[in-house]
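Accompanying notes for the structure given below.
No value in this document is a laboratory result; all are computed from the given coordinates. Just so we're clear, the structure is a prediction, and the values are computed from it rather than from any experiment. Methodologically, a virtual Cβ is constructed for each residue, glycine included, from the backbone with ideal geometry; neighbour enumeration extends over all protein chains shown.
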Amino acid sequence: MIAFVWAESKNATIGNNGGLPWKMPADMHRFKTTTTGHPILAGRPTFLSFGRPLPNRTNMVLTSHSKAEFPPSVVVFNSVAEFLTAYREQSDDVYVVGGAMIFNELMDVVDVLYRTVINAVIDGDTKMPPVDYSRFKLVDAQSFPADEKNQFPYRFETYRKLK
């Protein structure tokens, strides 16, 4: 299974200046619990935004840059085809964590969507590519109000690809 994990604002913003344009600890907790123990795939800018390989996950990067630019523990793929070949040879689920170019490149092969909708219009320089939700079924949704830790109301959604 290939899954996407991301948060987006009402106007599809997913990033700004190499980071997230909001403070949402609940979303960070969902990200951590969803991806821990599984391989994650990121583009180079998203991986660099973490500041280090994320613990308890196989960190994979899809990039045109050299493997020498990354810590030795990071698995580097230089093409989507190379990633998909390696994915087919292993048995674990892979969680794609961004950014926009990686989501766009893998849109046709994604099986599950873990989306957090931030219920606000937020400016940013990176937008989520359009998802054809008619290809998926919403299987879980939970809404939450803003609180002292999470600055905006938000909704966790999980979709599965229709057969």
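In what sequence do L48, L106 fall when counting other Cβ within 10 Å, fewest first?
The most exposed by this proxy come first: L48, L106.
So how strong a dipole does region 2-161 carry about its Cα centre when Lys and Arg Cβ are +1 and Asp and Glu Cβ are -1, to the nearest 20 debye?
Charge dipole, region 2-161, about its Cα centre: 180 debye, nearest 20.
Can you give the net charge of the other residues whose Cβ lies under 13 Å from the Cβ of P129, counting K and R as +1 and D and E as -1?
Taking every Cβ under 13 Å from that of P129, the sum is -2.
In this model, which of K10/K32; K10/K67; K10/K137 are farther than 29 Å apart at the alpha-carbon?
Where the Cα-Cα span goes over 29 Å, the pairs concerned are K10/K67.
Give, to the nearest whole percent, the P(r) tail of region 24-101 beyond 19 angstrom, counting all Cα pairs.
Tail of the P(r) past 19 Å holds 32 percent of the pairs.
What are the principal axis extents of the Cα atoms in region 79-163, in Å, biggest first?
The Cα atoms of region 79-163 stretch 44, 30, 24 Å along the principal axes, largest first.
How far, in degrees from 0 to 90, does helix 25-35 lean away from the longest principal axis of the Cα atoms of the chain, to the nearest 10?
The helix 25-35 is inclined about 40 degrees to the chain.
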